[in-house]
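Structure record follows, encoded as structure tokens.
The values are calculated or read from the model by the stated rules, or taken from the named source; none is laboratory data. Treat the numbers as computed from the prediction; the structure is a model and nothing was measured. Cβ atoms come from the backbone with ideal geometry, glycine included; neighbour counts cover every protein chain shown. Just the protein is used for accessible areas: all its heavy atoms, side chains included, with ligands, DNA and RNA removed. Shrake-Rupley method; radii C 1.70, N 1.55, O 1.52, S 1.80 Å.
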Amino acid sequence: MYYGSIEAGGTKFVCAIGNEELEILERVSFPTTTPEETMSAVIDYFKKYQAELASIGVGSFGPIDIHPDSPTYGYITSTPKLAWQNYDFVGALKAVFDVPIAWTTDVNAAAYGEYYYGHGQGKHSVVYYTIGTGVGGGAIQDGRFVEGFSHPEMGHMLVVPHKDDDFKGACPFHGNCLEGMAAGPAVEKRLGIKGQDVPADHPYWEQEAYYIAQCAYNTTLMLSPDVIIFGGGVMKQEHMMERVHRQFKELLKDYVKTPELSEYIVTPKLVDNAATIGCLAMAKDLLK
Ligand code: ADP
Ligand code: ZN
């Protein structure tokens, strides 16, 4: 018996097949172009395993419709990616695969992976952020995603601009929200080079850490989670976590006593596999 995983990102779709132990047996990726092109590649891929495929977990870029009783459940809704607006993602899979399909956001899937097998294992409350092409966040409380009228959009929380930062922010909706100030493209717009090419001792990184520390501060005070995990391309800067810990402490001023920072604000234990493992775990849990 196999589970399928689809991590649907803005630049690529990562598809994987996993076994009952949630081991990733195979992984492939397809560029995100149009739904017709990308989804037919995805569907062709899983067709090879159709006989053994028990269920599929999907973690998608969004916003997406997660309400089971909504007529547009399973759709990508108001995304800036025009070709994918109002796209019936789950419907396209259901038309070919007669198996249960779990459906959530890409960051929720990553949060679930870490909750299952990563830094959230054995914990009640886990929050996961990605600081990459965009910023997204998802939260789990006792095995369930935190959600209400929709899934959270934590990446668009407002942040206070750093005193030495005159960048107005790159978010087309909010300007200086967290994504507008701290996602990879915002770094690139400010400095004229990609984040991965900015040297570790560049003074900008203190400002970047200030925004991520504010995110951890807001998260701490709103949810008091057991752990806050930061993944995504920008967190590949190895010096970043030390800066975030220090600035978080300065912001919080010991107002609440959090777990030890080295265990409280962390990078993903599953490194780049969090969302894939999360999708496989969702697929597995759907059969319970
Ligand atoms: P995505 O968000 O598209 O899934 P990533 O999480 O890899 O993908 O994020 C890509 C963004 O992260 C780009 O803006 C890229 O410039 C930036 N990035 C990637 N690697 C690094 C790095 N080592 N340091 C800083 N920024 C990085
Ligand atoms: Zn925004």
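Observations
- Qualifying residues in the range 131-157 (those that are closer than 18 Å to K284 by Cα and not aromatic (F, W, Y)) - the one surrounded by the most Cβ atoms within 10 Å (Cβ to Cβ): I140
- Residue in the range 183-199 that is more than 14 Å from ligand 1 (Cβ to nearest atom) and open to solvent by 100 Å² or more (accessible area, probe 1.4 Å) present: no
- Residue match in the range 40-52 (condition: closer than 22 Å to E114 by Cβ, more than 15 Å from ligand 1 (Cβ to nearest atom), of a type in the set (D, E) and not in a strand (DSSP E or B)): no
- Listed conditions (1) open to solvent by 10 Å² or more (accessible area, probe 1.4 Å); (2) over 20 Å from P268 (Cβ atoms); (3) within 16 Å of ligand 2 (Cβ to nearest atom) are all met by G180, apart from (1).
- Look at (1) touching a Phe, Trp or Tyr at 6+ places or on another chain (Cβ under 7 Å); (2) surrounded by fewer than 18 Cβ atoms within 10 Å (Cβ to Cβ); (3) not charged (D, E, K, R) and you find that M222 fails only one, number (1).
- Selected residue (criterion: least open to solvent (accessible area, probe 1.4 Å)) from residues of the range 158-177 that are aliphatic (A, V, I, L, M) and within 14 Å of ligand 2 (Cβ to nearest atom): V159
- Any hit, the range 108-129, residues being within 15 Å of ligand 2 (Cβ to nearest atom) and of a type outside the set (A, V, I, L, M, F, W, C): yes
- Some residue of the range 57-67 being farther than 22 Å from T133 by Cα, assigned to a loop (DSSP other than H, G, I, E, B) and either modelled with pLDDT under 95 or hydrophobic (A, V, I, L, M, F, W, C) (or both): yes
- Single unsatisfied condition, Y128 versus (1) more than 15 Å from ligand 1 (Cβ to nearest atom); (2) closer than 20 Å to L280 by Cβ; (3) open to solvent by less than 80 Å² (accessible area, probe 1.4 Å): (1)
- Residues in the range 64-81 that are within 17 Å of V146 (Cα to Cα) and open to solvent by less than 30 Å² (accessible area, probe 1.4 Å): I64, D65, I66.
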